[in-house]
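Chemist: One structure, pasted below without further comment.
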Amino acid sequence: MTILLSDPRVSAVPLHDAGEPMVRLDASLSPTRQLVRREVAARLAVAARSLPAGTGLLVVEGHRPLAAQQAIVASYSAAVRRDHPLADEAEVRRLTSRFVAPVAVAPHVAGAAVDLTLVDATGEELDLGTPIDATPEQSDGRCYFAADGIGADARAHRRLLAEALGGAGLVNYPTEWWHWSFGDRYWALVTGAPHALYGPVDLAVGTTPDGTVAA
């Protein structure tokens, strides 16, 4: 059974923040040079090197400011209420967490998660069945990693993505094929780690000359 980010078991995971800085990803992985925790960046580099020649990773989002997370939660919760008028608030929270994490446990806010896809040698995105950030409603559930109703190429590309990222120690959020994380509460619960490594990051402290961001 899929564990959602709204599950109380996720928020119950202890957090012992490692105090690890955030770094900008290399442009070869992320043209927009998204920010992630240093160990996440290292593991993404390992995953990229494991891919077949002519295939690469494209990271489109890493760290997400708290305000941005709150705005996404509010917007999608409103959409869920419209689409599921009989749902009570507990069910709205559950349905919302299929697509966006509750703020308290959000992996992106901790710098622990990335949204990414595969590209070919020219930088063109490969077919993974849906666009990144397609909601369950928009995609008729095909955004789920193990969804039926996607083509053979998309299925093969998802398997390749899982082999590379899973082999580097990241875990997938199963309702979003593009979302992978390391060190957050969800990762800890899924892998059996005793505690999460990364909590929310406040970027108000600014960047250092080497491009890192204090946690």
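Chemist: List pairs: first in the stretch 48-75 and of a type in the set (Asp, Glu), second outside any helix (DSSP H, G or I) and surrounded by fewer than 15 Cβ atoms within 10 Å (Cβ to Cβ), Cβ under 9 Å, 6+ apart or cross-chain?
Modeler: Every condition considered, the pairs that remain are GLU61/THR32.
Chemist: Return a yes/no flag: does the stretch 185-201 have any residue that is open to solvent by 70 Å² or more (accessible area, probe 1.4 Å) and at pLDDT below 95.
Modeler: yes
Listed here are the residues, each with its yes/no results for (1) open to solvent by 60 Å² or more (accessible area, probe 1.4 Å); (2) farther than 22 Å from ARG185 by Cβ; (3) not hydroxyl-bearing (Ser, Thr, Tyr).
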{"residue": "LEU66", "(1), (2), (3)": "yes, no, yes"}
{"residue": "ARG81", "(1), (2), (3)": "yes, yes, yes"}
{"residue": "VAL100", "(1), (2), (3)": "no, no, yes"}
{"residue": "ALA104", "(1), (2), (3)": "yes, no, yes"}
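Chemist: Also, I was wondering about something else. Residues of the stretch 100-138 being within 18 Å of the chain's Cα centre (by Cα) and outside any loop (DSSP other than H, G, I, E, B), which ones? Give the steps one after another, and end with the answer.
Modeler: Just the residues of the stretch 100-138 that are within 18 Å of the chain's Cα centre (by Cα), to begin with: 100-119, 125, 128-136.
Result: VAL103, ALA104, VAL105, ALA113, VAL114, ASP115, LEU116, THR117, LEU118, VAL119, GLU125, PRO136.
The values are calculated or read from the model by the stated rules, or taken from the named source; none is laboratory data. Remember, it's a predicted structure, so these values are computed and weren't measured experimentally. Cβ coordinates were reconstructed from backbone atoms using ideal geometry, including for glycine residues, and neighbour counts include every protein chain displayed. These area figures cover heavy atoms from the full protein model, side chains too; ligands, DNA and RNA do not enter into them. Shrake-Rupley method; radii C 1.70, N 1.55, O 1.52, S 1.80 Å.
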